[in-house]
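The values are calculated or read from the model by the stated rules, or taken from the named source; none is laboratory data. Given the structure is predicted, the values throughout are model-derived calculations rather than measurements. Here the Cβ positions follow ideal geometry from the backbone for every residue, glycine too, while neighbour counts run over all protein chains shown.
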Amino acid sequence: MEQIDKKIINHLQVGFPICDAPYQQVANELNISEEELLQRLQALLDNGILSRFAPMYHAEQMGGALTLAAVKVPSESFDNIAEVINAFPEVAHNYAREHELNMWFVVATETIERQQQVIDEIEKQTQLKVYNMPKINEYFVGLKLEA
């Protein structure tokens, strides 16, 4: 990874501007062109150095809902069940875990009512019990990993 790529990653971990031309503003702050910034971000995503570059929304503050869910998936069905669950646009961050509940995922919905509908639909399609684990308290951890 080139030095400018590290600089981009480090810079974007502390925030992204809300303005008419946010990529141009970031490019100016990094002393590169907007085109170069966009090309480098795409290359970092394509090469797997970045797994995603997207905003993080606080669903509850926008009238939606967010919850952590888990299922106990037979190992021989794991990939198929993951495919079914990941097909829901409301599902993100699906992870395998070494635990009795071996598949964990986040359900983010536009409404509180839709959250239970998604869980019910996943149970129906997978024939597995979904354990809904809504947060009780939220803590902000300002994690920044220097590239």
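Please go through the range 10-40 and give me each residue that is β-branched (Val, Ile, Thr), at pLDDT 95 or above and closer than 26 Å to Val141 by Cα, ordered by number. Within the range 10-40, Val26 is the sole residue that qualifies.
Please count how many residues of the range 1-34 are closer than 19 Å to Lys144 by Cβ and aromatic (Phe, Trp, Tyr).
Selection size over the range 1-34: 1.
Among the criteria (1) farther than 30 Å from Gln125 by Cα; (2) in contact with a Phe, Trp or Tyr (Cβ under 6 Å, 6 or more places away or on another chain), the one Asn94 does not fulfil is (1).
Taking the numbered list (1) part of a loop (DSSP other than H, G, I, E, B); (2) out of contact with any Phe, Trp or Tyr (no Cβ under 8 Å at 6 or more places or on another chain) in turn, Asn80 passes all entries but (1).
Scanning the range 121-147 for residues that are farther than 13 Å from Val91 by Cα, assigned to a helix (DSSP H, G or I) and not β-branched (Val, Ile, Thr) returns Glu123, Lys124, Gln125.
Here is a yes/no grid of residues against (1) more than 14 Å from the chain's Cα centre (by Cα); (2) outside the structural domain of Ala69 (by TED's automatic domain parsing); (3) over 30 Å from Lys6 (Cβ atoms); (4) modelled with pLDDT of 95 or more:
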| site | (1), (2), (3), (4) |
| --- | --- |
| Glu90 | no, no, yes, no |
| Asn94 | no, no, no, no |
| Arg97 | yes, no, yes, no |
| Met103 | yes, no, yes, yes |
| Gln117 | yes, no, yes, yes |
| Ile122 | yes, no, yes, yes |
| Gln127 | yes, no, yes, yes |
| Phe140 | yes, yes, no, no |
| Leu143 | yes, yes, no, no |
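The residues of the range 48-77 that are modelled with pLDDT of 95 or more and in a loop (DSSP other than H, G, I, E, B), listed by number, are Lys72, Val73, Pro74. Annotation note: Cβ proximity below 8 Å between a residue of the range 31-43 that is over 13 Å from Phe53 (Cα atoms) and a residue that is in a helix (DSSP H, G or I) and among the polar types (S, T, N, Q) (sequence gap 6+ or interchain) occurs for Glu34/Gln24.
Can you pull out the residues in the range 7-26 that are assigned to a helix (DSSP H, G or I), surrounded by 13 or more Cβ atoms within 10 Å (Cβ to Cβ) and within 24 Å of the chain's Cα centre (by Cα)? Passing the criteria: Lys7, Ile8, Ile9, Asn10, His11, Leu12, Tyr23, Val26.
Pairs linking a residue in the range 115-127 that is exposed (fewer than 15 other Cβ atoms within 10 Å of the Cβ) to a residue that is aliphatic (A, V, I, L, M) and modelled with pLDDT of 95 or more, with Cβ atoms under 8 Å and 6 or more positions apart or on different chains, are Glu123/Val130; Gln125/Val84.
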